[in-house]
Each structure stands twice: as structure tokens, then as C-alpha cells.
Amino acid sequence: MEPNNNQTIRNMVIPLFPLPTTVFYPNTFLPLHIFEPRYRSMVADALEGEGKIGMILLKAGWEKDYHGTPEIMTIGCVGKIERHSQLPEGKYNILLSGLHRFRILQEIEGKLYRQAQVEVLKEINDQDLTIGSLPAKQRLIKNMRLYLKNIPGGEKVERSLDMESCDRLGGFVDRIAYHFDLPASKMQEFLEEQDVQKRAKSLHSLIEFKTRLIQISKNMKGGEVDFRMN
């Protein structure tokens, strides 16, 4: 199932869920265990409304003020609660589906958790993958499959990616990039790039680089190496 990627440009108020190492993308899924009181309140409120939550990355140095209002990035991803289960003591397990990128316009007070008025960001130079065969998609699929053949569990990762099911190039690129084990700073850079063609080019370079590393390692050690995937 591919999450719905609503491309309409509009402003809205959403709760914010800042985390130190998690960068979320449209057209992907994120399981979360919610246990802090303020975020239990956030989920309860979201479930009474449209079920939307804005995932946002904390800036470096967040440890000094985690329980307050540490600095956050300005661009994140809106997710919608697809499934949830309430646990004892009001805790939750939820599954978010990524909808679209957003930019924070201003934070709004009045809740236990942080919330903000945000601008939904438009995809630039996106392409419809349902019309014909696009070279950019086919090249990425070919190179990604070559990479996955050389890592443990590659077949399982390929099945989870379901690369053929995406109907937009932007969603296709995001889905693949999200599964690479990259530093949060690099994941954030990719999230902040609205130009789909530039994201596709960066992803292609990343796949080629990872594949070359594997081949070099095999030549040096005569065996496989695990360049981890999420």
C-alpha cells in the first residue's frame, strides 16, 4: 500500500513530534511507541481530529532542553495515523504514513505538546510514473536491485520497498532513500530538497557509491560486507 501524497499547497496547524535521530519521508511508514505524557496527549488529540502529526528533527544540542522547547529544524514531514493501539497507562503504538513535506511558519502555544502553523511544500519537477516507462525510474530500479543482491537480506528489503508500485517519481525516490542507513543530517538534506530530479540524481549517486564500496570490500577480503539498511 502506498501512502497518499497530497500535493495541494495550503497552510494548516499540526502537532509537532520532535525526535533527535528520526527523519521521516512521504510515501513511507513509521511505527512509533508513544509513552511520554505530552505525546500521549498529542496522539489522543490527533485521533479525535484528522490524525495528522508533523515529524521534525531536533537540532544538535537538544539534550540541554529536551523536556522544554529545544531548537528544531524548519522542514519536516506530515504523517497520518494509519493504525493505532492504546496500551496500559495511556501509552500508544501507532503507525504513521508519510503524506508530504512541510515548512514551519510559526509555532503556536496552548497545548502540552508543541504545535505549529505549517506550509505544505510542493514537489518540483515530479513525474507521473503511470504514463510509459521513465528512464530515471528504470535506471534506479536496476541499480538498486544490483546493490540489494550484494547485501544480506537484500531480497527481503526489495519486497518491502515494492518499487514497482509507486505512481510518482518523487514518492519512488523517497521510498528508496528512506531505507538507507544514513546519518540524520544527510536524511534531513534529502528531505529538504523539493526538486525531485535533484533527489533522483543524488539517490543514483548514493546507490552507485554503496555498490562500489561493496565490490571493493569483496575484492579486498574475498567475502560479503553488511552495509546496513534500515
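Structure notes:
- Within segment 1-18, residues that are among the acidic types (Asp, Glu) reach partners that are modelled with pLDDT under 95 with beta carbons closer than 7 Å, at six or more positions or on different chains, in the pairs Glu2/Asn27; Glu2/Ser165; Glu2/Cys166; Glu2/Gly171.
- Just one of the numbered conditions (1) modelled with pLDDT of 95 or more; (2) under 13 Å from the mean Cα position of the chain (by Cα); (3) among the charged types (D, E, K, R) is not true of Glu119: (2).
- Flag if His33 is free of Cβ contacts under 8 Å to residues at least 24 places away in the same chain and either assigned to a loop (DSSP other than H, G, I, E, B) or not charged (D, E, K, R) (or both): no
- Complete set of residues in segment 114-131 that are within 24 Å of Ile75 (Cα to Cα), out of contact with any Gly (no Cβ under 6 Å at 6 or more places or on another chain) and open to solvent by 20 Å² or more (accessible area, probe 1.4 Å): Arg114, Gln115, Gln117, Glu119, Lys122, Ile124, Asn125, Gln127
- Any chance Leu134 is farther than 30 Å from Met12 by Cβ and surrounded by 15 or more Cβ atoms within 10 Å (Cβ to Cβ): yes
- Yes/no for Arg101 being at pLDDT 95 or above and either open to solvent by 30 Å² or more (accessible area, probe 1.4 Å) or of a type in the set (Ser, Thr, Tyr) (or both): no
- Any chance Pro31 is modelled with pLDDT of 95 or more, within 14 Å of the chain's Cα centre (by Cα) and open to solvent by 30 Å² or more (accessible area, probe 1.4 Å): yes
- Scanning segment 199-217 for residues that are exposed (fewer than 15 other Cβ atoms within 10 Å of the Cβ), free of Cβ contacts under 8 Å to residues at least 60 places away in the same chain and either not polar (S, T, N, Q) or not in a helix (DSSP H, G or I) (or both) yields Lys201, Phe209, Arg212, Leu213, Ile216.
- Restricting segment 144-159 to residues that are in contact with a Ser or Thr (Cβ under 8 Å, 6 or more places away or on another chain) and crowded, with 17+ Cβ neighbours inside 10 Å, the residue that is modelled with the highest pLDDT: Tyr147
- Condition check for Lys149 on (1) in contact with a Pro (Cβ under 8 Å, 6 or more places away or on another chain); (2) over 18 Å from Ile56 (Cα atoms): one failure, at (1).
- Residues (open to solvent by 30 Å² or more (accessible area, probe 1.4 Å), under 20 Å from Val13 (Cβ atoms) and part of a loop (DSSP other than H, G, I, E, B)) located in segment 51-70: Thr69
- Selection of first residues in segment 56-73 that are free of Cβ contacts under 8 Å to residues at least 60 places away in the same chain and of second residues that are outside any loop (DSSP other than H, G, I, E, B) and among the basic types (Lys, Arg), restricted to Cβ pairs under 8 Å at least 6 apart or on distinct chains, gives the following pairs, ordered by first then second residue: Pro70/Lys64.
The values are calculated or read from the model by the stated rules, or taken from the named source; none is laboratory data. Worth saying up front: this structure is predicted, and the values here are computed from it rather than measured. Virtual Cβ from ideal backbone geometry, glycine too; neighbours counted across all protein chains shown. SASA here: full protein model, heavy atoms, side chains in, ligands and nucleic acids out. Shrake-Rupley method; radii C 1.70, N 1.55, O 1.52, S 1.80 Å.
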